[in-house]
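Trainee: I have a structure I would like to understand better, so I am pasting it below and will then ask my questions one at a time.
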Amino acid sequence: MVLRKITVILFLLIYLSSATELHQLVKLPVLVEHFVEHREKNQNLSFLDFLGMHYSQQNEKDGDYDRDMQLPFKSHDGCSTTILSALLHNPPSEISNKPESSMACQYSEYSDEFLSQAYLASIWQPPKSC
């Protein structure tokens, strides 16, 4: 039971860190380091002033613009979401070296044998395939 909980928590953390912006929290040490850099230049700068300067104002291309863009939630990268989606859709045992365009999608055909006649006679009918 404990192993099951640990596995669920592990998969949840992997999903949240790759499919959401939660992975930006890994950049928190950069935020602290950058605050210290600014604090060395201006001793009167508070942390809230620092956050306001970097997150509520326009992104000015100043001398440390590249460093500013390394802060958490300043840039967005969706590549990790794409990688996770591809792995979940094609488990490693099914991944092939074929180009993606050559992989055929299989769709099941619509069949109305499971629908009752009373339901089919009503105005609200399910969509039918072409």
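FYI, it's all coordinate maths here, none of it is from the lab. Since we're looking at a predicted model, the values are computed, not measured. Note that each Cβ is placed from the backbone with ideal geometry, even for glycine, and that neighbours are counted across all protein chains shown.
Trainee: What size of dipole, in debye to the nearest 20, comes out for the range 2-85 about its Cα centre when the only charges are +1 on Lys and Arg C-beta atoms and -1 on Asp and Glu C-beta atoms?
Mentor: 540 debye
Trainee: Within a Cβ distance under 13 Å of Arg39, other residues only, what is the Lys/Arg minus Asp/Glu net charge?
Mentor: Net local charge, Arg39 excluded: -3.
Trainee: While we're here: Evaluate the range 2-85: find the radius of gyration of its Cα atoms, find its Kirkwood radius, and give the ratio Rg to Rh.
Mentor: Values: Rg = 16.7 Å, Rh = 14.9 Å.
Taking Rh as the inverse mean 1/r over Cα pairs, Rg/Rh reads 1.12.
Trainee: Among the lysines, which have Cα under 26 Å from the Cα of Lys128 when same-chain residues fewer than 8 positions away are ignored?
Mentor: Straight-line reach from Lys128, under 26 Å: no lysines qualify.
Trainee: So, one more: Tell me which of Leu13, Val26, Phe50 sits at the most positive position along the dipole axis of the range 2-85, charges placed on C-beta atoms (Lys, Arg +1; Asp, Glu -1).
Mentor: Ranked along the dipole, the leading option is Leu13.
Trainee: Count of lysine pairs in the range 2-85 with Cα atoms under 26 Å apart, counting only pairs 8 or more residues apart in sequence or on different chains?
Mentor: Step by step, the pairs that qualify in the range 2-85 add up to 6.
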